[in-house]
Amino acid sequence: MINGLLKLSIFLFIGGLITSCIGFKNGASRKGQAHYETFFINDSTIQYFIKPLPFEGEVAVTADFTFRKMKNNFSQVALNFTIVSAKPETMETFYLISHEANEKLSEVDLIYKEKIKDHYKYRYTSHISFSAMKNFITEDDTRIKYNNHVLTPTKKSKKAIDLLVADLFEFELLPQ
């Protein structure tokens, strides 16, 4: 009897330990939140980071966005993007294209470049207006044009964009 009780106690203890170590996500949390993070800056400012969105074509591009909301005003958006190609590339032009607008990046700074085995990787940064970023993400037919390459969102990105529109742009960022 004591042996069985001891085994049951050990089993329950280990089971409790295992479940406490596993991260549980609140079932009521919004799915779009998996694609962005918020950071409290002060009483009137929240910083948002939209996680990298992959685009595909002859080269691969991932783009992420960081901006701040101060009360009901938005900062400029830091657009960071990585380009991966099979051959060396030179930055000539970079456009964010949507159904309604084409946003050409005017100042693009190289953060780093490296050769990794059989491909080349470049990381750049630039700034765009909040409205340009919002149009790019919320409008139909989102694409990136890098030099002569037209890139479309991957299936994963399309899902992420749909969730971002519903959760971030049509809920979280609405005026207070």
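A few notes on this one:
- Selected residue (criterion: farthest from Leu173 (Cα to Cα)) from residues of region 125-143 that are small (Gly, Ala, Ser) and not in a loop (DSSP other than H, G, I, E, B): Ser126
- Residue in region 61-75 that is closer than 21 Å to Val165 by Cβ, of a type in the set (Gly, Ala, Ser) and in contact with a strand residue (DSSP E or B) (Cβ under 7 Å, 6 or more places away or on another chain) present: yes
- Checking the stated criteria, Asp118 turns out to be closer than 21 Å to Glu58 by Cα and either over 18 Å from the mean Cα position of the chain (by Cα) or loosely packed, with under 15 Cβ neighbours inside 10 Å (or both).
- Test: residue in region 83-95 that is of a type in the set (A, V, I, L, M) and closer than 27 Å to Glu172 by Cβ: no
- Every residue from region 105-130 that is touching a residue at least 40 places away in the same chain (Cβ under 8 Å) and of a type in the set (Ser, Thr, Tyr): Tyr122, Tyr124, Thr125, Ser126, Ser129
- Only one entry in Ile97, Ile137, Ile161 is buried (at least 17 other Cβ atoms within 10 Å of the Cβ), under 15 Å from Phe55 (Cα atoms), at pLDDT 90 or above and more than 16 Å from the chain's Cα centre (by Cα), namely Ile97.
- Test: residue in region 57-65 that is surrounded by fewer than 17 Cβ atoms within 10 Å (Cβ to Cβ), touching a residue at least 40 places away in the same chain (Cβ under 8 Å) and of a type in the set (Gly, Ala, Ser): yes
A quick yes/no check of all residues on (1) closer than 26 Å to Ala34 by Cβ; (2) in a loop (DSSP other than H, G, I, E, B); (3) touching a Phe, Trp or Tyr at 6+ places or on another chain (Cβ under 8 Å):
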site	(1), (2), (3)
Arg68	yes, no, yes
Glu89	no, yes, yes
Ile111	yes, no, yes
Glu114	no, no, yes
Tyr120	no, no, no
Lys145	no, no, yes
Val150	no, no, no
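- Hey, Ile144 touching a residue at least 12 places away in the same chain (Cβ under 8 Å), farther than 16 Å from Phe49 by Cα, of a type in the set (Val, Ile, Thr) and surrounded by 19 or more Cβ atoms within 10 Å (Cβ to Cβ) or not: yes
- Per the listing Lys134, Lys121, the residue uniquely touching a strand residue (DSSP E or B) at 6+ places or on another chain (Cβ under 8 Å) and of a type in the set (Lys, Arg) is Lys121.
- Candidates His149, His127, filtered to the one that is crowded, with 16+ Cβ neighbours inside 10 Å and either within 18 Å of the chain's Cα centre (by Cα) or among the small types (Gly, Ala, Ser) (or both): His127
- Residue selected from region 31-55 under the condition crowded, with 16+ Cβ neighbours inside 10 Å and touching a Leu at 6+ places or on another chain (Cβ under 7 Å), by the criterion farthest from Glu172 (Cα to Cα): Phe55
- Flag if Glu107 is part of a loop (DSSP other than H, G, I, E, B) and surrounded by 11 or more Cβ atoms within 10 Å (Cβ to Cβ): no
The values are calculated or read from the model by the stated rules, or taken from the named source; none is laboratory data. None of these values were measured; they are calculated from a predicted model. So basically every Cβ, Gly included, is an ideal-geometry build from the backbone, and we count neighbours across all protein chains shown.
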